[in-house]
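*Asks:* Could you have a look at this structure, given as structure tokens, before my questions?
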Amino acid sequence: DAGVTQSPTHLIKTRGQQVTLRCSPKSGHDTVSWYQQALGQGPQFIFQYYEEEERQRGNFPDRFSGHQFPNYSSELNVNALLLGDSALYLCASSLDWEETQYFGPGTRLLVL
Amino acid sequence: AQKVTQAQTEISVVEKEDVTLDCVYETRDTTYYLFWYKQPPSGELVFLIRRNSFDEQNEISGRYSWNFQKSTSSFNFTITASQVVDSAVYFCALSVFSQGGSEKLVFGKGTKLTVNP
């Protein structure tokens, strides 16, 4: 039973660039949530996708956008990168009617 | 607003000691879920437990136990006979439901546990 997978594992970008992070949910899960974790902090909710639509969004600017595909996989896009976007980006999947979110290993993004 | 407070930033113990990680939460919802996750140095958050707001029964799983008290809005986590492999950052989280029924997690800042041999 495959768990949540994310790619790439690490990424280095420069200010102003754009980045796309990818997530494949745990087998059987249909809901994907994205979180940003700054160094030394707890994860912060970015948004959640269900049935290919953004269902809920946290306090993140429009530079952060996402997409969910028919196979339930998801992408997180960040435009016009800022130094402050450097963080660990975590993807979590769940089954819509079940409340437990299972996390992937994350993508470490460094913006120079 | 919903909030989770983990007052202990770092804890250091010697192997075989018992250790309790504190978690205090704030919410106006009557229905909610509480979680504990473990984050080893690799970065992946590992699910440990989920408890709903209507179930205050304490739970034990091997060396792990959880004490949920609604009266004090606390959901504390105890590791008995700690081991070096328990070294990690532990996060307490609260589920927050939107009007549309979707759920997000609100996390505390985490407690870094170091178990020394």
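The values are calculated or read from the model by the stated rules, or taken from the named source; none is laboratory data. These figures come from a predicted structure and were not determined experimentally. Here Cβ is always computed from backbone atoms with ideal geometry, including for glycine, and neighbour counts include all displayed protein chains.
*Asks:* Residues of the stretch B:51-76 being touching an Asp or Glu at 6+ places or on another chain (Cβ under 8 Å) and among the hydrophobic types (A, V, I, L, M, F, W, C), which ones?
*Replies:* Within the stretch B:51-76, B:66, B:68 meet the criteria.
*Asks:* For the stretch A:8-20, check the following and say yes or no: at least one residue is of a type outside the set (Phe, Trp, Tyr), buried (at least 19 other Cβ atoms within 10 Å of the Cβ) and modelled with pLDDT of 95 or more.
*Replies:* Checked against the condition, which is being of a type outside the set (Phe, Trp, Tyr), buried (at least 19 other Cβ atoms within 10 Å of the Cβ) and modelled with pLDDT of 95 or more, the stretch A:8-20 yields no hits at all.
*Asks:* Further, regarding this structure: Having 3 or more residues that are more than 8 Å from chain B (Cβ to nearest Cβ) and not acidic (Asp, Glu) is the bar; report the strands (runs of 3 or more DSSP E) wholly within the stretch A:30-108 that clear it.
*Replies:* Strands (runs of 3 or more DSSP E) meeting the threshold: A:31-37, A:44-50, A:64-68, A:74-78, A:87-94.
*Asks:* Give me a count of the residues in the stretch B:76-93 that are under 10 Å from residue B:63 (Cα atoms) and charged (D, E, K, R).
*Replies:* 0
*Asks:* While we're looking at this one, here's another question. Quick one: in the stretch A:1-29, which of the residues that are of a type outside the set (S, T, N, Q) and assigned to a strand (DSSP E or B) is nearest to the other protein chains (Cβ to nearest Cβ)?
*Replies:* A:10
*Asks:* Something else: Criterion first (free of Cβ contacts under 8 Å to residues at least 24 places away in the same chain, exposed (fewer than 12 other Cβ atoms within 10 Å of the Cβ) and not hydroxyl-bearing (Ser, Thr, Tyr)) does residue B:1 satisfy it?
*Replies:* no
*Asks:* Looking only at the stretch A:86-110, filter to residues that are without any contact (Cβ under 8 Å) to a residue 40 or more places away in the chain and acidic (Asp, Glu); which one of those is surrounded by the fewest Cβ atoms within 10 Å (Cβ to Cβ)?
*Replies:* So, considering only residues that are without any contact (Cβ under 8 Å) to a residue 40 or more places away in the chain and acidic (Asp, Glu), the one surrounded by the fewest Cβ atoms within 10 Å (Cβ to Cβ) is A:98.
*Asks:* Given the criterion at pLDDT below 95 and charged (D, E, K, R), identify the matching residue among B:10, B:44.
*Replies:* Being at pLDDT below 95 and charged (D, E, K, R) holds for just one of B:10, B:44, which is B:44.
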